[in-house]
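Scroll down for the structure; my scribbles are underneath it.
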Amino acid sequence: MAKNVAVCLSFDFDAISLWIGGFRATSLSAVSRGEFGRVGALRILEMLREWGVRATWFIPGHTAETYPAVVEKVVGAGHEIGNHGYLHSRPKDAADEERILVRGNEVLQRVTGKRPVGYRSPGAGLSVHMVALLLKHGFVYDSSLMGDDFSPYYCRTGDRQHEDGRYEFGCEVDLVELPFTWGLDDFPAFEYVTSRAGIQQGLMAPSAVYEIWAGDFDFLYRRIGEGVYTLTMHPQVIGRGHRLLMLERLVTHIRSHDGVRFATMGEVACEWKRTHPLSVAAGR
Ligand SMILES: [Zn+2]
């Protein structure tokens, strides 16, 4: 059977927002870790240009306002921009979530001239309210859930969880999930973090991460043959030299296969919707 694999390189350009929003850090050292995201982003843009690959950048509103010139370069190079909240913080409630989503959209629209169609929840913490909010605000896809790996699927609303009975699945809705996984994310693998929550060791050898990332691609290609391979990276993490060399090695490996194409997540989600129309049958 002919292979048909889409490869999506995604970059969460969290920059400083991750440290002051996500980790509530105040030191200049913490802020400077986010500043390195600018350096990494410029390196990545250059490499993507060389490879002729268009990627998907999830950008918090705070980053778009802090680094508008870099974001303009991302847009100018033809990459897709997705919504990644505003300050990489955890919302207080559903109303706060909608406010942050709308604020992120407004900033991205202002800086990039385009409305995002994709969303990734900061810290992969998609709440029970968010699917309905994404539908309400016209999003085509989300990339924060882990219910599959290489097969997109429709998100659901109305799931109900019970401690004394089975889990009840709600109705599939017109929002495509392009699955995310921490195993194909550079942050836990590489980033050393000490926070109130404890220590994240990170700092893995790029050869070990290559084994995981290439292993998942090889499994998809050889044993499944059709699907979407999505990598989640952060310019401030993958942007270090030894890691970018690993990414280059991986892209070269992926490109040596027939029936593989690089695409933006928006393109993949729209194409998948066309070929897999939402059925009216609810649940699973
Ligand atoms: Zn993020």
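Bear in mind that the values in this text are calculations on the coordinates, not laboratory data. Since the structure is predicted, the reported quantities are computational estimates derived from the model, not experimental observations. Using ideal geometry, Cβ is built from the backbone for each residue, glycine included, and neighbour counts are taken over all protein chains shown.
What to note about this one:
- Alpha carbon convex hull of the chain, volume per residue in cubic angstrom: 145
- Rounded, prolate or oblate (a/c below 1.5 giving rounded, otherwise prolate when a/b exceeds b/c) for segment 150-190 by Cα gyration tensor: oblate
- Under the combined filter of DSSP loop state and at most 16 neighbouring Cβ atoms within 10 Å, segment 163-243 retains these chymotrypsin sites (Phe, Trp or Tyr not before Pro): Tyr167, Phe169, Tyr192.
- For segment 134-146, Karplus couplings with θ = phi - 60° (6.51, -1.76, 1.60), whole Hz, Gly/Pro x: 5, 5, 4, 9, x, 6, 9, 8, 10, 9, 9, 10, 10
- The H on the amide N of Trp57, modeled in the peptide plane, is under 5 Å from the matching H of Phe11, Glu80, Ile81, Gly82, each at least 5 residues off or on a different chain.
- For segment 45-62, 3J(HN,Hα) per residue [Karplus equation, 6.51 cos²θ - 1.76 cosθ + 1.60, θ = phi - 60°, Hz, x = Gly/Pro]: 4, 5, 5, 4, 4, 4, 7, x, 10, 9, 10, 10, 10, 8, 10, x, x, 4
- Near Glu172, the amide H atoms lying under 5 Å from its own belong to Gly283; only residues 5 or more places off or on other chains count, and H is placed 1.01 Å from N.
- Sequence-distant residues sharing a close amide H with Phe262 (under 5 Å, placed H): Val7
- Among Ile199, Ile254, Ile100, the largest mean-square fluctuation in a Gaussian network model of the chain, built with springs joining Cα atoms closer than 10 Å, belongs to Ile199.
- Scattering curve values for segment 25-158, log₁₀ I(q)/I(0), Debye with Cα scatterers, q = 0.09, 0.17, 0.20 Å⁻¹: -0.28, -0.98, -1.25
- Estimated vicinal HN-Hα couplings, Hz - segment 254-268 in sequence order (Karplus 6.51, -1.76, 1.60; Gly, Pro = x): 4, 5, 7, 9, 6, x, 10, 9, 8, 8, 7, 5, x, 4, 5
- Within a Gaussian network of the chain (alpha carbon springs, distance under 10 Å), most fluctuating of Met204, Met265, Met233: Met204
- Rounded if a/c under 1.5, otherwise prolate or oblate - segment 131-284, Cα gyration tensor axes: oblate
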